[in-house]
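Structure, as structure tokens:
The values are calculated or read from the model by the stated rules, or taken from the named source; none is laboratory data. Just so it is clear, the model here is predicted, and its values are computed rather than measured. Cβ atoms come from the backbone with ideal geometry, glycine included; neighbour counts cover every protein chain shown. In case anyone asks, the SASA skips ligands and DNA or RNA and just uses the protein heavy atoms, side chains included. Shrake-Rupley method; radii C 1.70, N 1.55, O 1.52, S 1.80 Å.
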Amino acid sequence: MEKLIIPEQDIINAVCVLMSRKEFMEPEDIEVELLYDDVNGYYAEAFANGVKHNLQTYHLIEALRSWLKDFLNIDPFAAGIQLQIDEEQGMIAVIH
């Protein structure tokens, strides 16, 4: 598989879709903030119906695998996913 870069907005969209399925809401009703620090690594905070959900790295990977399958027609388990911070683009996912 050729290397593919998933930009920050698409990571946010993937998390919104995943959370909307779990919370039985519309994706546009979910707010997501992607975060990184040296202690927690990659994570996100999602807000659904006024409730804050703390999402760890594995949740982000789960959302991206679902995104790859449902929106890009890529086998999600044949793809390696690596989260990175890009100075210009923010959080990105490198798919290889």
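Annotations
- Nonlocal amide H pairs with Ile74, under 5 Å, H built at 1.01 Å: Lys69
- Listed by chain and number, the aspartates and glutamates whose C-alpha is less than 20 Å from the C-alpha of Lys3, apart from same-chain residues fewer than 8 away, are Glu62, Asp70, Asp75, Asp86, Glu87, Glu88.
- Karplus-derived HN-Hα couplings along region 81-93 (A = 6.51, B = -1.76, C = 1.60, θ = phi - 60°), whole Hz, x at Gly and Pro: 10, 10, 7, 9, 9, 10, 4, 8, 9, x, 6, 10, 10
- Leu68 sits among other residues whose Cβ lies under 13 Å from its own Cβ, and their net charge, with Lys and Arg +1 and Asp and Glu -1, is -2.
- The phi torsions of region 5-15, fed into the Karplus equation with coefficients 6.51, -1.76 and 1.60 and a -60° offset, translate into couplings of 9, 9, x, 3, 4, 6, 5, 4, 4, 4, 5 Hz, rounded to whole numbers, with Gly and Pro shown as x.
- The chain - percent of accessible surface contributed by carbon and sulfur, probe 1.4 Å: 47
- In Hz, Karplus ³J(HN,Hα) per residue of region 38-49 (6.51, -1.76, 1.60; θ = phi - 60°; x = Gly, Pro): 5, 7, 8, x, 8, 7, 9, 10, 10, 10, 10, 6
- Only one residue of Ala63, Gln84, Phe47 has its Cα farthest out toward the positive end of the dipole of the chain, where Lys and Arg carry +1 and Asp and Glu -1 on Cβ, and that residue is Ala63.
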